[in-house]
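Undergrad: Dropping the structure in here first, questions after.
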Amino acid sequence: MSTPSEPGGGAALPFLPLCEPEIRGNEWKYIKECLDTNWVSSVGAFVTRFENDVANYVGTKHGVATVNGTAALHVALRTVGIQADDEVLVPTLTFIAPANAVRYLGAHPVFIDAEPDTWQMDPELLKRFLEKDCTAKDGRVIHRSSGRRIGAVLPVHVHGHPCDMDPILEVARRFDLRVIEDATEGLGGRYRDRPLGSFGDLACFSFNGNKLITTGGGGMIVTNDDAWAEKARYLTTQAKDDPIEYIHHEVGYNYRLTNLQAAMGCAQMEKLEEYVEAKRRIARVYHEAVADLPGLTPQGEAEWARSADWMYSMRVDASRYGMGSRDLFRRLQEARIQSRPLWQPLHRSPAYPGAPCVGGEVAERINREALSLPCSVGLTDEQQQRVVACLRSFAPPGLN
Ligand SMILES: *Cc1c(COP(=O)(O)O)cnc(C)c1O
């Protein structure tokens, strides 16, 4: 085993994680309140308050809390009527959860490639697919090669940067498709000055430990539609129609968030704006440092975007930087700094053999070249400078 060595030598520096939760508000106080009052389970004042806090922040009428973001996606898809053998349009460059949620219903994802600068679902490819590869039949949109109905579009705001929603919504409206926004990474981000999560028919959030705010584990569906909110709430509570006789007309899920978790969520929501500011400041500092180094290209921010900057990532061009993303990953690891490549594009995933993908080369390139850097809300200037110093010291000689 080799001993990790730091640039500059000396004793081993502390391990610097990629993305940690930040707990420094009323979490203890609110959770203690649950314990003191015995309201610990899936009903309670904090659940309702957390739902209202998130819905108010996003600007939607309703919020329905769930056990996690994947469950939120699962229920959102079922709420808009996705059925077995439907197809749902999902980006190929994303964490796997939205595609899995589609499969839970027996439906199938059709993957869409990313746009090369912002790394979001490419609206041009989406449009081309619907116009060229699908036909309208009896009020349904049918994917010609599979014969299946297209049920919905599921854009994901990758790393908190918005998808280009206007053209996505325009083409979805034209083909009468529902839009489910996977805003799990996008809380705090804005598209043309409107909060992410307010664009889809329904939108989903996650409060997992690595997200901008956390409840340990948790999720939320938001929507402006009364009937969909009611349906989503119904499905998350075992589809119970009669609370006394326990009559159920459908197969539901036990997907509710507990009051304990929601209490933590309420405390975290009080800090949300401050945390977004911290993320954006961290991104700016990296951005300036990276701009001076050859072969490093940050994930872009479009002029219509205000990214939540949930995860700071850049592409590493081996021919100009002198090493590729995986070598840089290893060098950072030796310096006790955690970094992470991007997800394997889903059309390449062994979990989705043979799944159709529109394009795919852009996602493959980002997967090969991109690396995310430590960007916890609580990252100190000193910690960030440690990362920047490594990036500089590894760069081709002549620059230092
Ligand atoms: C985190 C995440 C999810 C799932 O959220 P969980 O709360 O972990 O189930 C879904 N989609 C994306 C894009 C995510 O990053």
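Undergrad: Residue 377: assigned to a loop (DSSP other than H, G, I, E, B), within 26 Å of the chain's Cα centre (by Cα), more than 17 Å from residue 115 (Cβ to Cβ) and not basic (Lys, Arg), yes or no?
TA: Yes, satisfied.
Undergrad: Okay, moving on. Pull up segment 235-250, narrow it to residues that are assigned to a strand (DSSP E or B) and of a type in the set (Val, Ile, Thr), then point me to the one that is farthest from the ligand (Cβ to nearest atom).
TA: The extreme case among them is 247.
Undergrad: Does segment 1-22 contain any residue that is away from the ligand (no atom under 16 Å from the Cβ), at pLDDT 95 or above and β-branched (Val, Ile, Thr)?
TA: No: zero hits.
Undergrad: Among 164, 176, which is the only one that is touching a helix residue (DSSP H, G or I) at 6+ places or on another chain (Cβ under 9 Å), at pLDDT 95 or above and not basic (Lys, Arg)?
TA: Of the residues listed, the single one that is touching a helix residue (DSSP H, G or I) at 6+ places or on another chain (Cβ under 9 Å), at pLDDT 95 or above and not basic (Lys, Arg) is 164.
Undergrad: Using the structure shown, decide if residue 85 is of a type in the set (Asp, Glu), part of a loop (DSSP other than H, G, I, E, B) and within 21 Å of residue 307 (Cβ to Cβ).
TA: Considered against the rule, which asks whether it is of a type in the set (Asp, Glu), part of a loop (DSSP other than H, G, I, E, B) and within 21 Å of residue 307 (Cβ to Cβ), residue 85 comes out as no.
Listed here are the residues, each with its yes/no results for (1) in a strand (DSSP E or B); (2) within 16 Å of the ligand (Cβ to nearest atom).
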residue	(1), (2)
163	no, yes
167	no, no
203	yes, yes
209	no, yes
216	no, yes
233	no, no
252	no, no
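Undergrad: Hey, among the residues in segment 120-141 that are in a strand (DSSP E or B) and among the aliphatic types (A, V, I, L, M), which one's farthest from the chain's Cα centre (by Cα)?
TA: Within segment 120-141, the match that is farthest from the chain's Cα centre (by Cα) is 136.
Undergrad: Among the residues of segment 181-201, count how many are over 14 Å from residue 101 (Cβ atoms), within 13 Å of the ligand (Cβ to nearest atom) and among the acidic types (Asp, Glu).
TA: Final tally of qualifying residues: 1.
Undergrad: Against the condition out of contact with any Lys or Arg (no Cβ under 7 Å at 6 or more places or on another chain) and either touching a residue at least 60 places away in the same chain (Cβ under 8 Å) or acidic (Asp, Glu) (or both), how does residue 344 come out, does it pass?
TA: When the stated conditions are applied, residue 344 does not pass them.
Undergrad: Next question. Check whether at least one residue in segment 365-387 is buried (at least 17 other Cβ atoms within 10 Å of the Cβ), touching a residue at least 12 places away in the same chain (Cβ under 8 Å), more than 30 Å from residue 205 (Cβ to Cβ) and of a type in the set (A, V, I, L, M, F, W, C), and report yes or no.
TA: no
The values are calculated or read from the model by the stated rules, or taken from the named source; none is laboratory data. Because the structure is a prediction, the values reported are computed rather than measured. When we count neighbours, we look across all protein chains shown, and the Cβ atoms used for this are built from the backbone with ideal geometry, even at glycine.
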